[in-house]
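The values are calculated or read from the model by the stated rules, or taken from the named source; none is laboratory data. All of these numbers come straight from a predicted model, not from anything done at the bench. Cβ coordinates were reconstructed from backbone atoms using ideal geometry, including for glycine residues, and neighbour counts include every protein chain displayed. All accessible areas refer to the heavy atoms of the entire protein, side chains included, with ligands and DNA or RNA removed. Shrake-Rupley method; radii C 1.70, N 1.55, O 1.52, S 1.80 Å.
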Amino acid sequence: MRVLILSTYEKAGGAAIAASRLREALTKSGVGTSMAVSSKGWIKGKTWAFVRERTAILLANRGRRDNLYAIDTALAGEDITQLEEYKEADVIHLHWVNQGFLSFQTLQKIIDSGKRIVWTMHDAWNTTGICHLTLGCEAYRNECGNCKYLTRPHPADLSHTVWEKKRRLYSKRNITFVACSSWLMAEAEKSSLLSGQDVRHVPNPIDTDLFKPLDKAECRRALHLPAGKRLLLFVAQNVNNPNKGMTFLAEAIRSLDNSDVALVMLGGKGEDMGGMMPSTEIFPLGYINDAETIRRIYSAADAFVLPSLSENLPNTIMEAMACGTPCVGFNTGGIPEMIDHKVNGYVARYRDAHDLAQGLADVLENNIAYSTHCREKAVREYSETVVAERYISIYKSGVPQSQTPHAPQSIPPCARY
C-alpha cells in the first residue's frame with residue numbers, strides 16, 4: 001500500500017505541520033509514503049493558479065482585500081495527477097489543499113481514478129461554500145449563498161457557485177472525510193454537503209519521543225529565562241489577529257497577583273505587549289523553527305495559555321501536553337476535548353478574561369499534579385503509533401486485502417513541482 005499525502009504547504013501553518021507529522025508517523029509504521037506540496041510552497045512568489053484565485057476573489061469583493069485569505073474557491077490549481085508518485089499511489093490523502101494548489105478539475109480527476117481517497121479536514125472549508133470559519137453562519141447546513149464574506153452577497157453569489165461544485169464533487173460518495181477533532185466532526189455532520197458521507201474522527205499525531213518533559217531548571221538556563229519566576233507561555237504568529245485573544249490574556253494577567261509571573265512569547269509579531277501589561281515582565285523569543293529549542297521552551301514554562309477565540313485541534317496544546325506543561329484555553333472548538341478541566345489544565349468560559357485568570361492561577365498552583373496527566377494523555381491519544389494505526393485502518397477499509405504495507409525506501413521523501 002502506497003500513500004500520497006497532498007498539502008498546500010510542507011511546514012508552514014498548523015495543517016501543514018500536521019500533514020508532515022502524519023507522513024513521518026506512517027513511515028515509521030512501515031507504510032510507503034510520499035508527499036506533494038504546491039509549487040508556491042517552495043518557490044518564491046506565487047503560481048498562476050494562486051494569482052487567478054485571489055484575483056477572482058478581489059473581483060467578487062469589488063477590489064476589497066478584507067477577506068482575501070479568509071475564503072477559497074478551488075477554481076484554479078495544479079495538476080498533480082501527472083506525478084509518478086500519484087500514479088504509483090493506492091491511497092490519495094488530501095489535507096489543506098487551498099490557495100491555488102488543487103482545483104475542482106484536478107479533484108474530479110482524483111475521484112474518477114478509482115483510487116482510495118481520504119481527506120483530512122483542518123477547518124470548515126470542506127463543509128461550506130468558500131469559508132474556513134463560519135463565524136456563526138449556519139447557511140452551510142442547507143445551502144450556501146448570501147455570504148457575509150462577500151461585498152455584494154446574494155442567493156447565487158460566489159459562495160453558492162462553489163457550494164454547488166462541491167455538491168457535485170462529493171456526489172459519488174467515495175471519499176472518507178476525517179475531522180481532527182470531535183468538535184469539527186460534529187460541525188461536519190451538520191453540513192448538507194456531507195450528509196450521508198463517510199466522516200470519521202482521528203486526531204493529529206505528535207512525536208512523543210521528541211516532545212517530552214525536560215529538566216525545567218536546565219531549560220531555563222539554556223534559554224536565559226529567570227529561575228525564580230512562574231512562566232506563562234503564549235504563542236502567536238501575529239498578536240494583532242483578534243482571533244488569538246491577546247486582549248483577553250492581557251486582562252487576565254493584569255488581574256493576577258503577578259509579582260512573580262512573567263510572560264514568555266514565541267512568535268508574536270504585532271503591537272507592543274509591554275503597553276498592555278506594564279507591570280509584567282515579558283520575554284519575547286521571536287520565531288523559532290527548531291524542534292529541540294521549542295521543546296525546551298515548553299519544558300521551561302509552568303503553563304501554556306491559548307486564549308484563541310476559534311481553534312480546531314491546536315498543535316501547540318498537543319506539544320505542550322507532550323512536554324508535561326499544563327494548558328489553559330477557552331471553551332471553544334477542539335480545546336475542551338484536549339484539556340481535561342482541572343485534571344491536566346483548565347478550560348475557561350468563552351471570552352471570559354476573569355475565568356481565564358482563574359485558570360492561570362489554578363494551573364500555576366497545581367502545576368506538578370497536572371503535568372503528569374498532560375503527558376499521559378498525549379502519549380495515549382496523540383502518539384505517532386496510535387494515530388498511524390487508526391489511519392492505516394481507514395486506508396485498508398477501501399484497499400484490496402492483497403495490498404499490504406511495505407517499506408517506503410522506493411518512494412521519494414517529498415514530491416515538489
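What do you reckon, is Ser195 open to solvent by 40 Å² or more (accessible area, probe 1.4 Å) and touching a strand residue (DSSP E or B) at 6+ places or on another chain (Cβ under 6 Å)?
Spelling it out, it is not the case that Ser195 is open to solvent by 40 Å² or more (accessible area, probe 1.4 Å) and touching a strand residue (DSSP E or B) at 6+ places or on another chain (Cβ under 6 Å).
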Across the range 353-366, the tally of residues that are without any contact (Cβ under 8 Å) to a residue 60 or more places away in the chain and surrounded by fewer than 16 Cβ atoms within 10 Å (Cβ to Cβ) stands at 1
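What about Asp215, is it crowded, with 21+ Cβ neighbours inside 10 Å and either modelled with pLDDT under 90 or not hydrophobic (A, V, I, L, M, F, W, C) (or both)? First the steps, then the outcome.
On the way: crowded, with 21+ Cβ neighbours inside 10 Å: no; either modelled with pLDDT under 90 or not hydrophobic (A, V, I, L, M, F, W, C) (or both): yes.
For Asp215, the condition - crowded, with 21+ Cβ neighbours inside 10 Å and either modelled with pLDDT under 90 or not hydrophobic (A, V, I, L, M, F, W, C) (or both) - is not met.
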Scan the range 56-83 for residues that are more than 23 Å from the chain's Cα centre (by Cα), outside any loop (DSSP other than H, G, I, E, B) and more than 19 Å from Glu10 (Cα to Cα) and jot them down.
-> Ala56, Ile57, Leu58, Leu59, Ala60, Gln82
Scan the range 307-356 for residues that are farther than 19 Å from Thr120 by Cβ and of a type in the set (Ser, Thr, Tyr) and jot them down.
-> Ser308, Thr325, Thr332, Tyr346, Tyr350
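I'm trying to understand the selection: among the residues of the range 210-228, which are without any contact (Cβ under 8 Å) to a residue 60 or more places away in the chain, part of a helix (DSSP H, G or I) and not acidic (Asp, Glu)?
Matches in the range 210-228: Ala217, Arg221.
Taking Leu313, is it farther than 19 Å from Ala252 by Cβ and open to solvent by less than 20 Å² (accessible area, probe 1.4 Å)?
Values: farther than 19 Å from Ala252 by Cβ: yes; open to solvent by less than 20 Å² (accessible area, probe 1.4 Å): yes.
Yes, satisfied.
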Within the range 99-209, which strands (runs of 3 or more DSSP E) (wholly inside it) include 1 or more residues that are without any contact (Cβ under 8 Å) to a residue 24 or more places away in the chain?
-> 198-201
Got at least one residue in the range 279-296 being in contact with a helix residue (DSSP H, G or I) (Cβ under 6 Å, 6 or more places away or on another chain), open to solvent by 10 Å² or more (accessible area, probe 1.4 Å) and among the basic types (Lys, Arg)?
-> yes
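Can you tell me how many residues within the range 337-352 are β-branched (Val, Ile, Thr) and either open to solvent by 20 Å² or more (accessible area, probe 1.4 Å) or touching an Asp or Glu at 6+ places or on another chain (Cβ under 8 Å) (or both)? Step through it out loud before you land on a result.
Of the residues in the range 337-352, the ones β-branched (Val, Ile, Thr) are 339, 343, 347.
In the following step, the residues that additionally are either open to solvent by 20 Å² or more (accessible area, probe 1.4 Å) or touching an Asp or Glu at 6+ places or on another chain (Cβ under 8 Å) (or both) were identified as 343, 347.
The qualifying residues number 2.
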Filter the range 297-310 down to residues that are of a type outside the set (A, V, I, L, M, F, W, C) and open to solvent by 10 Å² or more (accessible area, probe 1.4 Å), then give me how many there are.
-> 2
Pull up the range 9-42, narrow it to residues that are at pLDDT below 90 and of a type in the set (Ser, Thr, Tyr), then point me to the one that is surrounded by the fewest Cβ atoms within 10 Å (Cβ to Cβ).
-> Ser39
What number of residues within the range 124-137 are open to solvent by 30 Å² or more (accessible area, probe 1.4 Å) and modelled with pLDDT of 90 or more?
-> 0
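Within the range 229-245, which residues are in contact (Cβ under 8 Å) with a residue 60 or more places away in the chain and open to solvent by 10 Å² or more (accessible area, probe 1.4 Å)?
Answer for the range 229-245, where residues must be in contact (Cβ under 8 Å) with a residue 60 or more places away in the chain and open to solvent by 10 Å² or more (accessible area, probe 1.4 Å): Arg230, Val235, Pro242, Asn243, Lys244.
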